[in-house]
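Chemist: A single structure is presented below for examination.
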Amino acid sequence: RVVERKGKGVGAGARVSERLVVREVAVPGVWGRRLVSTIRRHARKGTLRGPTRVLAAGGRGGPPAGERPLLLTEDTREGREEEDEEEEVLQALLLGLGDYFRKNAFREAVVGLSGGVDSSLVAALAAMSLGRERVHGVFMPSRYTSGLSRRCTQKLVTALGIDMEEYPIDGILQAYLRDAAASLRGEGTSLALENLQARIRGNILMGISNARGWLVLATGNKSELSMGYCTLYGDMAGGFAVIKDLLKSEVYRLCRHINRREGREMIPEEVLSREPTAELREGQRDADSLPPYEELDPILEDYIENGLTPEEMASKGYERSLVEEVVRRVDANEYKRRQAPVGIKITPRAFGRDWRLPISKRMPRGGG
């Protein structure tokens, strides 16, 4: 955005996109005022700096553009219509993903596909940003994987035009149970077996990454990371977390926006209409471990992004006991978030640099 000295906007380019905006401005008196500033010491000394040559960046996820000059754009109009919120989020994610690949010399991505909405969105974003030929899906079914999950995954792969490999994990799980049965007995046996499945899948993905040089894209969203509804070294494994700053409800909205935008079901409707489940045990549902997302996400937004206290949230009409439980779980799972992959920031307060919560702290009795 280009502004004149009184702060009035005189030119703007599209947000979250790489663009050079050129605008003529009147400069009488500006040079003299700038000489007063300490950052203009070189000008006062008469040692003016020469112009800097600007080179173009490559396309999203593509090779460097070399010495190709940056082309000027014609989009320098004084105002522009506000972009649709979902479209702006989409463009930010596409830009961030492609930029990370280009600047860190990665060329291809691998995504663990489950037939759920999160992995479907991540795969779609990767295909849109990097190109479908650079995105590889991996389907790792177990005895708990439903026919619906398999069908949704196949529809997604076909819609995106990406390749997919399948590695069933039941044999690996049985080997663990056979060779480490004594170590897996205890009060938390059921949870241990669930997490073991997630970690087997994480190991397969990281093994593929090591062998082929593909970057693993983690598929966790902000709602899950907030509540600790994720497995360290399992579904949290990866080198880049594309949607870590999107709440679950925002994931659904963005999927539907992509489908409207493209005029077809890039993310199959069956994926969007099914009940969320990790499928780590028979009949498992997200609702068994979390409040409904339509109740959870507004509380998370107020606590994490808006900085409201439990008392302030309760005064807005939220159920006090639910607020206290959500806050307790958010605070208790900081240790997990510190070990999550880096990702794209799209909100005023994303986990990481913006979220200053100590891992070790005295937790008040009864939550809060």
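Coordinate-derived values only; no laboratory data. The structure displayed is predicted, hence computed values, not measured ones. Methodologically, a virtual Cβ is constructed for each residue, glycine included, from the backbone with ideal geometry; neighbour enumeration extends over all protein chains shown.
Chemist: Run through the stretch 148-189 and list the trypsin sites (Lys or Arg not before Pro) located in a DSSP loop whose Cβ has at most 16 other Cβ atoms within 10 Å. Can you show the working numbers first?
Modeler: On the way: sites: Arg150, Arg151, Lys155, Arg178, Arg185; in loops: Arg185.
When the trypsin sites (Lys or Arg not before Pro) of the stretch 148-189 are filtered for loop state and at most 16 Cβ neighbours within 10 Å, Arg185 remain.
Chemist: Which entries in the list Lys8/Lys244; Lys8/Lys103; Lys8/Lys248; Lys248/Lys316 go over 27 Å, if you measure between the two C-alpha atoms of each?
Modeler: Lys8/Lys244; Lys8/Lys103; Lys8/Lys248
Chemist: Next up: Taking the Cα-to-Cβ direction at Arg1 and at Val22 and moving 7 Å from each Cα, how far apart do the two end points lie in nm?
Modeler: Inter-label distance under the simple model: 2.4 nm.
Chemist: Quote to one decimal, in nm, the extra length available between Glu311 and Ser289 on full extension: 0.36 nm per residue of separation minus the C-alpha distance between them. It would help to have the intermediate numbers written out before the result.
Modeler: Numbers: separation 22, 0.36 × 22 = 7.92 nm, distance 2.41 nm.
Between Glu311 and Ser289, full extension yields an extra 5.5 nm.
Chemist: For a footprinting-style exposure proxy, rank Leu246, Leu173 by other Cβ within 10 Å, fewest first.
Modeler: Numbers: Leu246 24, Leu173 16.
In order of increasing Cβ crowding within 10 Å: Leu173, Leu246.
Chemist: Here's something else I'd like to know. In terms of the Cα gyration tensor, with a ≥ b ≥ c the square roots of its eigenvalues, is the stretch 115-157 rounded because a/c is under 1.5, prolate because a/b exceeds b/c, or oblate?
Modeler: Note, shape of the stretch 115-157 comes out prolate.
Chemist: Using 1/(1 + (r/R0)^6) with R0 = 25 angstrom and r between the beta carbons of Arg261 and Trp355, what's the FRET efficiency to the nearest 0.05? It would help to have the intermediate numbers written out before the result.
Modeler: Numbers: r = 31 Å, r/R0 = 1.23.
It comes to 0.20.
Chemist: Then there is this: Would you kindly state how much longer the chain becomes between Arg281 and Leu232 on full extension, computed as 0.36 nm times their sequence separation minus their alpha carbon distance, in nm to one decimal?
Modeler: Additional length available on full extension: 15.8 nm.
Chemist: Is the stretch 85-289 rounded, prolate or oblate when judged by the Cα gyration tensor, a ≥ b ≥ c being the square roots of its eigenvalues, rounded requiring a/c under 1.5 and prolate requiring a/b larger than b/c? Intermediate results must be reported in sequence, preceding the final value.
Modeler: Numbers: a/c = 1.75, a/b = 1.47, b/c = 1.19.
Judged from the Cα gyration tensor, the stretch 85-289 comes out prolate (a/c at least 1.5, a/b above b/c).
Chemist: For Val110, what residues show an amide H to amide H distance below 5 Å, using hydrogens built from the backbone and excluding near sequence neighbours?
Modeler: Correct list: His136, Leu215, Val216, Leu217.
Chemist: Measuring from label point to label point, each 7 Å out along Cα→Cβ, what is the Val342 to Ala211 span in nm?
Modeler: Using points 7 Å along Cα→Cβ, the separation is 2.8 nm.
Chemist: For the peptides 223-236, 253-266, 345-358, what is the packing order when you average, over each peptide's residues, the other Cβ atoms within 10 Å and list the highest mean first?
Modeler: 223-236, 253-266, 345-358
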